[in-house]
Amino acid sequence: MLRGLRSFMTRLFTPLARLLLALRVSPDAVTIAGTVVVTVVALTLLPTGHTLVGGLLIGFFVLFDSLDGVMARQAGRSGPWGAFLDSTLDRLSDGAVFAGITLWFVVHPDEHHGLWGTAAALACLVLGSVVPYARARAESVGATAQVGIAERADRLLLALVPFTFMQVGLPVVVLEVVLTLLALASLVTVFQRIATVRAQLTRQVVETGTDPHEGPLAGQGA
C-alpha cells in the first residue's frame, strides 16, 4: 500500500541523506535514534492518552524509516549488518507501538468494548512478531516466505490512524475493528507463510530426494 509513497520518500530523502553523511552521521546512528524515539513515544505518550501527538510523531518516524537505507546506499555501506540491525530494531519499535496501544486500553478499562480492544491489540503485538520470524526462519532453512497481506509500515499506519484521531472525536470502536482486522490479517499471513515454506520444502524432497526434517537445523529453536 505504501510502496509508491516509499519511493517518493526515498527520492525526497536523498539530499538529507547526503547532508547527514557530510556531517559524519552514520546510517546505524539514524536507525538507532529512530527506534529510541518511537519506543519512548509509544510507551509514554500512547498509554497516557496523548494519542494525537504520539500518533503523529510515530507516523512521522515511520515515514522516515527508509532514511537510513538511503544513507547506506549513498555511502556504499549497504550490507547484511545494516539489514540485520534495521530489521531487529523494527521489531522492537513495532512491539512498543502495539504495547502502547494495549496499555491504553488497560489504563482506560471503562471504554466501550475495552476488553475487545485489549485482546485485539495484544493479538497484533504477538502476531506482529511471528510474521517476520516466519520469514526469517524460512530463509534459514533455504526457503522464502515473502507472501502476506500487509507490510510492516502498512500495519503500523493502519493501527495508528484511528488511534491518533480518537482524541479529536473518532469513536473507539473504529480502532477496535481495525485492530481486529489487522490481527486476522497477521494470522492469515502466518499460515500463508507456513504453507508456502511447506510446499517449497516438499518440492525439494521430490527434486533432490533429501528430507527437510533431517539435518543440523531440524528441531532447533531461534
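The values are calculated or read from the model by the stated rules, or taken from the named source; none is laboratory data. Source: prediction; values computed, not measured. When we count neighbours, we look across all protein chains shown, and the Cβ atoms used for this are built from the backbone with ideal geometry, even at glycine. For the accessible areas, the whole protein counts, side chains as well, though only heavy atoms, and no ligand, DNA or RNA atoms are used. Shrake-Rupley method; radii C 1.70, N 1.55, O 1.52, S 1.80 Å.
Along the axis of the charge dipole computed for the chain (Cβ charges of +1 for Lys and Arg, -1 for Asp and Glu, origin at the Cα centre), the listed residues GLY148, PRO80, THR102 are led at the positive end by PRO80. What residue among VAL168, VAL178, VAL190 has the largest mean-square fluctuation in a Gaussian network model of the chain, using Cα springs under 10 Å? The residue that fluctuates most here is VAL168.
Of the residues ARG18, ARG193, ARG135, which exhibits the maximal mean-square fluctuation in a Gaussian network model of the chain defined by a 10 Å Cα contact cut-off? Checking each option, the largest mean-square fluctuation is seen for ARG18. In this Cβ point-charge picture (+1 for Lys and Arg, -1 for Asp and Glu), region 1-125 has a dipole of about 640 debye about its Cα centre. Were the residues from LEU56 through LEU181 laid out at 0.36 nm apart, the gain over their Cα-Cα distance would be 42.8 nm.
Adding -39500 (n - 2.57) for every DSSP H run of four residues or longer, then dividing by how many residues the chain holds, sets the calculated 222 nm ellipticity at -25500 deg cm²/dmol.
Once Rg and the Kirkwood radius are both taken over the C-alpha atoms of region 68-222, their ratio Rg/Rh works out to 1.07. Taking amide H as placed 1.01 Å from N in the peptide plane, the amide H of ILE149 sits under 5 Å from that of THR189, each at least 5 places away or on another chain. Measuring r between the beta carbons of LEU19 and THR44 and using R0 = 30 Å, the FRET efficiency lands at 0.50.
The residues of region 130-214 expose, per residue, 53 Å² of accessible area to a 1.4 Å probe. Using a probe radius of 1.4 angstrom, the carbon and sulfur fraction of the accessible surface of region 21-97 is 72%.
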